[in-house]
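K.L.:
First, the structure itself, so that you have it in front of you.
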Amino acid sequence: MPGGGRCPDCGSAELVEDSHYSQNQLVCSDCGCVVTEGVLTTTFSDEGNLREVTYSRSTGENEQVSRSQQRGLRRVRDLCRVLQLPPTFEDMAVAYYQQAHQLAGIRTARLQKKEVLAGCCVLITCRQRNWPLTMGTICTLLYADLDVFSGTYMQIVKLLGLDVPSLCLVDLVKTYCSSFKLFEASPSVPAKYVEDKEKMLSRTLQLVELADETWLVTGRHPLPVITAATFLAWQSLRPSDRLTCSLARFCKLANVDLPYPASSRLQELLAVLLRMAEQLAWLQVLKLDKRSVVKHIGDLLQHRHMLVRKAFRDGTAEMDAGEKEPQGQGQGQGLGDRDVGSSSLELPAGKRPASPALLLPPCMLKPPKRVCPIPPVSTVTGDEDISDSEIEQYLRTPQEIRDFQKAQAARQAAQSVPNPT
């Protein structure tokens with residue numbers, strides 16, 4: 001026998017091929033034992049040594065599978081191995097891919113959508129098993145467009161009727177920040193820019209929670225907010241060396257893409273920090289701006305809950321107090337003057353301090369301007385055609401004609417009567 005196999009019963013090497021049945025089998029000529037009975041296929045290389053092959057690695061799996069589905073299944077398995085996912089994740093992702101490939105909307109889709117189908121199935125599996133994996137990570141591995149991937153992902157979830165939980169914000173921050181290249185010294189990253197991973201991650205989480213409490217995350221893509229929070233956390237840990245570094249350079253050093261709205265999210269976060277800094281007595285005299293407030297982020301985050309409550313949520317209470325103040329002004333005019341003069345803000349008499357800003361989503365504080373449609377210009381010349389539905393308005397009935405003639409005759413008779421003088 002080619003390959004040097006032996007009979008498992010008697011140990012004889014006299015094995016012959018028996019093609020009497022529909023499938024060729026190896027039979028021991030000494031004892032008659034069927035050596036290859038039960039093997040799925042005889043074309044795999046391992047079977048030359050009489051070793052059985054799993055169905056997923058055998059050629060029998062590909063007998064009724066199209067080439068595109070074979071490529072997709074290989075891509076699913078390769079992704080799971082690259083991401084080092086457990087074997088149960090791989091089996092679940094393969095099952096989702098097989099179900100999705102049978103759908104008419106996917107089977108007749110463009111090639112670009114079929115190429116990202118494998119990544120979508122892996123992402124669905126990880127989300128259902130609470131495995132921290134971002135959509136951007138899979139897009140990077142597949143060299144796929146993010147818009148195409150997200151559209152395909154939502155389509156598969158809807159067609160298959162799956163219940164996919166959203167990724168926890170804390171897990172997303174940890175996964176996204178772990179990809180930053182700022183935790184180890186390298187030729188491209190100066191020593192003053194290297195930061196401890198745990199310190200940076202802890203402060204980033206606090207800033208993201210602050211953004212969530214002040215409506216900066218709701219209804220928005222989380223990555224720009226996380227990028228801005230990571231940048232502020234990195235600057236605040238060593239502000240003397242890092243305040244001169246811009247957000248674009250930070251992303252370049254960290255080897256991550258700069259999301260387009262990250263600059264706007266950064267300005268919104270700095271505005272919130274400035275409002276909080278106005279509530280601390282030892283920071284009111286410093287006249288902080290958006291650049292210098294970064295040095296005091298640690299103090300602001302330490303008293304975060306109290307400062308947010310004073311800077312935003314007590315605005316209505318102070319407005320009610322301001323409305324009640326004029327009512328008692330006539331009774332205690334002298335006392336009111338002393339209170340105003342002894343206030344810490346030193347405002348002129350008759351003026352109240354500005355009330356805190358309302359805690360509302362940015363889309364309500366600065367609503368987008370709506371374009372007013374220009375009314376069409378209509379010029380009436382009198383030569384327009386009259387439609388059949390309007391022409392009936394100009395036709396008179398016989399009764400109307402008689403009434404009109406009587407009215408006209410009465411008018412003429414009244415005009416012919418001489419005016420008595």
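The values are calculated or read from the model by the stated rules, or taken from the named source; none is laboratory data. Computed from a predicted model, the values in this text were never measured in an experiment. Cβ placement follows ideal geometry from the backbone for every residue including glycine, while neighbour counts extend to all protein chains displayed. Protein only, heavy atoms only, side chains kept; ligands, DNA and RNA dropped before computing areas. Shrake-Rupley method; radii C 1.70, N 1.55, O 1.52, S 1.80 Å.
K.L.:
At what distance in nm do the modelled label points of VAL380 and ALA109 sit from each other, each positioned 7 Å from its Cα along Cα→Cβ?
P.N.:
Inter-label distance under the simple model: 5.6 nm.
K.L.:
Another question, then. By how many nm would the segment from ARG309 to SER188 lengthen if fully extended, with 0.36 nm per residue of separation less the alpha-carbon distance? Walk me through the numbers before you get to the answer.
P.N.:
On the way: separation 121, 0.36 × 121 = 43.56 nm, distance 4.24 nm.
Length gained between ARG309 and SER188: 39.3 nm.
K.L.:
Would you mind telling me the share, in percent, of accessible area of segment 165-283 contributed by carbon and sulfur at probe 1.4 angstrom?
P.N.:
Using a 1.4 Å probe with all protein chains present, segment 165-283 comes out at 54 percent carbon and sulfur.
K.L.:
Using a probe radius of 1.4 Å on heavy atoms only, what accessible surface per residue do you get for segment 60-149? Whole Å² is fine.
P.N.:
Ligands and nucleic acids excluded, the figure is 54 Å² per residue.
K.L.:
Determine the alpha carbon to alpha carbon distance for each of LYS199/LYS366; LYS174/LYS290; LYS252/LYS295; LYS192/LYS290; LYS181/LYS295; LYS197/LYS290 and list only those over 32 Å.
P.N.:
Pairs exceeding the cut-off: LYS199/LYS366.
K.L.:
Whole number in Å², please: accessible area per residue of segment 206-287, 1.4 Å probe, ligands, DNA and RNA not counted.
P.N.:
46
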